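Everything below concerns the one structure shown next.
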Amino acid sequence: MEYFLTWGYLGLFCGAFLAATILPLSSEILVTAMLIAGASPSYVLITATMGNWLGSLSTYGIGWLGKWEWIEKFFKISREKIEKQQAKITKYGSLLAFLVWLPVIGDVFALALGFYKVNFTKCCAFMLVGKFLRFLVYIILFTYVESFIVQ
């Protein structure tokens with residue numbers, strides 16, 4: 001994680017991107033570290049959102065390609081797990097893209113949305129809004145808590 005932080009906003013972008021794909025990284029740790037280091041909350045919000053969003057879109061894209069070898073090798077998600085999501089995908093469609101920020105299940109949703117070829121434009125928009133709101137709430141909470149700790 002320290003490696004990403006030495007790169008500043010670019011490191012945050014890359015770390016947030018990778019956290020939304022195949023690596024077990026925490027973008028919250030990177031966001032926290034950047035804020036503690038005095039980075040602009042607005043820039044952190046935009047950078048983390050864009051990196052994490054594009055990472056989820058790449059996961060969606062791998063699902064769209066439908067290559068089980070890649071899905072099982074890189075994401076460690078079985079065919080059965082994706083197929084179990086079909087009922088949710090059929091019921092909720094692109095609205096599930098709001099939830100791709102959730103730990104563990106969010107990657108499955110992103111893969112399944114791509115695999116079942118749910119409307120790309122709607123998924124992009126809902127993923128972006130979901131990721132943005134996630135980081136916005138996190139940064140607001142961090143700022144609120146920090147104000148009590150610093151005093």
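Checked across the stretch 22-29, the condition of being under 19 Å from L113 (Cα atoms) and touching a residue at least 40 places away in the same chain (Cβ under 8 Å) holds for at least one residue.
Residue-by-condition table, conditions (1) over 14 Å from A20 (Cα atoms); (2) assigned to a helix (DSSP H, G or I); (3) of a type outside the set (S, T, N, Q); (4) within 15 Å of the chain's Cα centre (by Cα):
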{"site": "I82", "(1), (2), (3), (4)": "yes, yes, yes, no"}
{"site": "S94", "(1), (2), (3), (4)": "yes, yes, no, no"}
{"site": "P103", "(1), (2), (3), (4)": "no, no, yes, yes"}
{"site": "L113", "(1), (2), (3), (4)": "yes, yes, yes, yes"}
{"site": "K117", "(1), (2), (3), (4)": "yes, no, yes, no"}
{"site": "T121", "(1), (2), (3), (4)": "yes, yes, no, no"}
{"site": "A125", "(1), (2), (3), (4)": "yes, yes, yes, yes"}
{"site": "Y138", "(1), (2), (3), (4)": "yes, yes, yes, yes"}
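Here F135 fulfils each of the conditions (1) surrounded by fewer than 21 Cβ atoms within 10 Å (Cβ to Cβ); (2) farther than 20 Å from K67 by Cα; (3) touching a helix residue (DSSP H, G or I) at 6+ places or on another chain (Cβ under 8 Å) apart from (1).
Report whether or not L128 is without any contact (Cβ under 8 Å) to a residue 40 or more places away in the chain and among the aliphatic types (A, V, I, L, M). Taking the combined requirement at face value, the residue does not satisfy it. From the list F148, F109, the one residue that fits, being of a type in the set (F, W, Y), loosely packed, with under 13 Cβ neighbours inside 10 Å and either touching a Cys at 6+ places or on another chain (Cβ under 9 Å) or at pLDDT below 95 (or both), is F148. Apart from one condition, I77 fits all of (1) assigned to a helix (DSSP H, G or I); (2) surrounded by 17 or more Cβ atoms within 10 Å (Cβ to Cβ); the exception is (1).
The values are calculated or read from the model by the stated rules, or taken from the named source; none is laboratory data. Fair warning: this is a prediction, and the values are worked out from it, not measured in the lab. Positions of Cβ are backbone-derived with ideal geometry, glycine not excepted, and every protein chain shown enters the neighbour counts.
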